[in-house]
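The values are calculated or read from the model by the stated rules, or taken from the named source; none is laboratory data. All figures in this text were calculated on a predicted structure; none of them were measured in a lab. Glycine gets a Cβ as well: all are built from the backbone with ideal geometry, and neighbour counts include every protein chain shown.
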Amino acid sequence: MDTPVPKNAEEEAGALAAVETHHAGMLKRLEALIAALTHAVKARDTGAEHEAHEVLVEWCETELVPHALAEEGPLYGGPGAMPEGRLLVAGMLAEHKAIVGLVERLRGSEGVDAAVAAGAIGQVFALHLEKENRLLMPFIVESPGLSLANSVAGLQELVGEAHIHAALGTEPPAPPANG
Ligand SMILES: [Fe+2]
Ligand SMILES: [Fe+2]
């Protein structure tokens with residue numbers, strides 16, 4: 001039996017909503033960057049392709065991969081240590097590896113190959129975050145021995161900056177003047 005951890009339903013729901021919102025924002029951005037690359041490849045516009053490829057690779061390296069790595073200890077550790085969660089977590093970790101491998105492939109490719117790799121990243125990430133939203137996080141919320149709010153506390157890579165500032169009662173920094 002797991003030792004129950006003290007937790008608050010409202011905080012658990014708030015943490016779930018924060019990660020879901022962050023995931024949705026990530027997917028939207030990723031899809032826009034993939035669309036820009038695909039469009040440039042289709043149009044055979046090598047200048048635009050080079051630029052879109054660079055922006056997409058950079059976003060994957062600074063947002064997507066750090067997001068996945070940040071989840072592995074704090075978010076996946078608890079359910080991964082439970083018999084009911086172990087297989088799900090093993091499958092999710094395999095998807096992280098697949099995403100990292102696809103980012104490597106994207107970085108080293110161009111033209112149609114790059115568009116194919118980018119499209120695969122988008123598809124795998126969309127399925128993956130759906131599992132996190134609908135299976136993994138609800139499992140954590142419902143497990144008496146785990147707390148989602150504790151798991152994601154302070155992890156900007158998981159909940160986004162706005163949630164952290166709301167939790168701390170601080171103001172987010174003003175966006176740069178030039179956007
Ligand atoms: Fe993940
Ligand atoms: Fe995630």
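Would it be correct to say that I140 is surrounded by 14 or more Cβ atoms within 10 Å (Cβ to Cβ), β-branched (V, I, T), assigned to a helix (DSSP H, G or I) and touching a residue at least 40 places away in the same chain (Cβ under 8 Å)?
Yes, satisfied.
Of the conditions (1) crowded, with 16+ Cβ neighbours inside 10 Å; (2) more than 14 Å from ligand 1 (Cβ to nearest atom), A68 fails just one. Which one is it?
(2)
Those residues that are touching a residue at least 40 places away in the same chain (Cβ under 8 Å) and either over 20 Å from Q123 (Cβ atoms) or loosely packed, with under 14 Cβ neighbours inside 10 Å (or both), I need them from region 43-60; list them, please.
Residue satisfying the conditions is E49 alone.
Mind listing whichever residues of region 1-60 are within 16 Å of ligand 1 (Cβ to nearest atom) and of a type in the set (D, E)?
E20
Just to be sure before I move on: is L106 modelled with pLDDT of 95 or more and within 10 Å of ligand 1 (Cβ to nearest atom) in the structure I sent?
Here the answer is no, as L106 does not meet what is asked.
How about region 70-84: which of its residues are within 11 Å of ligand 2 (Cβ to nearest atom) and either touching a Pro at 6+ places or on another chain (Cβ under 8 Å) or without any contact (Cβ under 8 Å) to a residue 40 or more places away in the chain (or both)?
E72 - this is the single residue of region 70-84 that is within 11 Å of ligand 2 (Cβ to nearest atom) and either touching a Pro at 6+ places or on another chain (Cβ under 8 Å) or without any contact (Cβ under 8 Å) to a residue 40 or more places away in the chain (or both).
Is it the case that V124 is free of Cβ contacts under 8 Å to residues at least 60 places away in the same chain, among the β-branched types (V, I, T) and either in contact with a Lys or Arg (Cβ under 7 Å, 6 or more places away or on another chain) or closer than 17 Å to H67 by Cα (or both)?
yes
What's the number of the condition E130 fails, among (1) modelled with pLDDT of 95 or more; (2) assigned to a loop (DSSP other than H, G, I, E, B)?
Evaluating E130 over (1) modelled with pLDDT of 95 or more; (2) assigned to a loop (DSSP other than H, G, I, E, B) leaves (2) as the failure.
Confirm whether H39 is in contact with a helix residue (DSSP H, G or I) (Cβ under 8 Å, 6 or more places away or on another chain) and surrounded by 21 or more Cβ atoms within 10 Å (Cβ to Cβ).
In short, no.
Considering only region 1-77, give the helices (runs of 4 or more DSSP H) lying wholly within it that have at least 1 residues that are of a type in the set (F, W, Y).
Fully inside region 1-77 and qualifying: 46-59.
Of the residues in region 111-137, how many are under 13 Å from the mean Cα position of the chain (by Cα), surrounded by fewer than 19 Cβ atoms within 10 Å (Cβ to Cβ) and closer than 14 Å to G85 by Cα?
Here the count works out to 1.
Answer with yes or no whether L87 is away from ligand 2 (no atom under 16 Å from the Cβ), free of Cβ contacts under 8 Å to residues at least 24 places away in the same chain and in a helix (DSSP H, G or I).
Answer is yes for this residue.
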